[in-house]
1. How many residues does the stretch 249-287 contain that are touching a Lys or Arg at 6+ places or on another chain (Cβ under 8 Å) and not hydroxyl-bearing (S, T, Y)?
2. Please go through the stretch 3-42 and give me each residue that is within 12 Å of M121 (Cβ to Cβ), among the β-branched types (V, I, T) and either outside any helix (DSSP H, G or I) or within 26 Å of the chain's Cα centre (by Cα) (or both), ordered by number.
3. All but one of (1) farther than 26 Å from V72 by Cβ; (2) under 17 Å from the mean Cα position of the chain (by Cα) hold for V348; which doesn't?
4. For the stretch 43-58, what are the residues that are open to solvent by less than 70 Å² (accessible area, probe 1.4 Å), in contact with a strand residue (DSSP E or B) (Cβ under 9 Å, 6 or more places away or on another chain) and not in a strand (DSSP E or B)?
5. Against the definition (under 19 Å from K207 (Cβ atoms), aliphatic (A, V, I, L, M), within 12 Å of the chain's Cα centre (by Cα) and open to solvent by less than 30 Å² (accessible area, probe 1.4 Å)), how does A68 come out, yes or no?
6. Out of M98, M92, which single residue is at pLDDT 80 or above, under 24 Å from P197 (Cβ atoms), under 18 Å from the mean Cα position of the chain (by Cα) and not in a helix (DSSP H, G or I)?
7. Going through P107, P147, P112, P77 one at a time, which residue ends up being over 25 Å from V208 (Cα atoms), at pLDDT 90 or above and not hydrophobic (A, V, I, L, M, F, W, C)?
8. Answer yes or no as to whether I351 is in contact (Cβ under 8 Å) with a residue 60 or more places away in the chain and under 13 Å from Q246 (Cα atoms).
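The values are calculated or read from the model by the stated rules, or taken from the named source; none is laboratory data. On a predicted model such as this, the values are computed, not experimentally measured, just so you know. Here the Cβ is made from the backbone with ideal geometry for all residues, glycine too, and neighbour counts use every protein chain on show. To get the accessible areas, we keep the full protein, side chains included, count just its heavy atoms, and leave off ligands, DNA and RNA. Shrake-Rupley method; radii C 1.70, N 1.55, O 1.52, S 1.80 Å.
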Amino acid sequence: MKLFICWLVTLRIIARYFLYRLGIGGRPNFTDRWAEVQLVYRQVTRMDSRIRLRGLEHFPGSHPAIYAGNHVKLDDPFFVCYAVQEGSGYTMRTRFVMRDDFFLGFPWTWMPFRMNEVAEMGGAYLLSKDGVTLAQLKPLIDMLQEPDSFVIFPNGSRSRSGLWFEYRDDMEGPGSVSFFLAQSQRKKPDVAVPAVPVGRTHNPVTKVSTVILGAPLYLEPGARREAQREFDDALVLAISDLVEIQMTHLVSGLLYLRCLHGLGDTVTRAQLLGEVLAVIGALPSTRFLDPGLDKDGEQQLTAVLAYLARYDMISMAGDDVHLQVEKIGVAPAPDVHYRRENPIKFSVNQILHLPDVVAALEVAVLG
């Protein structure tokens, strides 16, 4: 009965939106009945089975806060918002920042609704990618004063190549989360607003995403510009450590190094599994490892190899894994096709910034 009522509430909001598009009435918001809408959203998207949460002990427990994360997929804001809801026992929700120019062109302009409006109805705050003004940023500062919280991605745009942080040619560095903290502290010096680092790792084999919350960071009171920049750098560094190391990363790294160093185009499954276990054993306990690596490593290896074979990165013959060396060595243009053109390099790029992981992979392959 509860779910039925939630569906009625959600459908009524959708109906009111289409009336609004016809010029009848004002625009409704999903956030007005968020308790009911989020339950419908979880059922439609099957979110509960597609997400694994870690680090919830770092959840601040109250507003205000800024959740700053890496950006790898379009639906990242919803996964971070889900973590906030779960961490609060579904007593809290949070808003998120998004570009106002994403839903342009085909097919978006052909649809009977406007995706930017739908996003705003769900809690999005739209920000211009170019020419951001203080007037645009002020509402975000006001959110922290309400108090409320929001999700933001300091790298500004989604990674196309798999890199945990990928900056375009027109980007000089991470966005300034410290700016919002400093402005909020000036207005309310007695309220310390945390910046919570968040990492999302999407597993392309299982389609499950892991969202990890890191320990909150606080900007020192009265921090000047140099100290603010140091804070932003420290925040990005904290986010970069929140990668969940998965079988796809390890197998891709081992195969890539084998090709890179000209070690032949064939390796056995048994050898690969042994190298994976050696890497796992060499990593420090502070690294986040997929919990399934220990208990079902062989099954995960089989699934990853089948995934790579679908993209013609490898082929299988009994226990032998044959590598398509030339295809694995290709570095595609960093666009939306990168993952499909070279899923091995895409996966390697996600862990390339972790020196201990790279070192363990090199030792396993090169001895």
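1. Residues of the stretch 249-287 that are touching a Lys or Arg at 6+ places or on another chain (Cβ under 8 Å), as a first pass: 252, 256, 264, 267.
Restricting the remaining residues to those that are not hydroxyl-bearing (S, T, Y) gives 264, 267.
Total satisfying the criteria: 2.
2. Within the stretch 3-42, T31, V37 qualify.
3. (1)
4. R50, G55, L56, H58
5. In short, no.
6. M98
7. Working: P107 fails: at pLDDT 90 or above; P112 fails: at pLDDT 90 or above; P77 fails: over 25 Å from V208 (Cα atoms).
The match here is P147.
8. Details: in contact (Cβ under 8 Å) with a residue 60 or more places away in the chain: yes; under 13 Å from Q246 (Cα atoms): yes.
Answer is yes for this residue.
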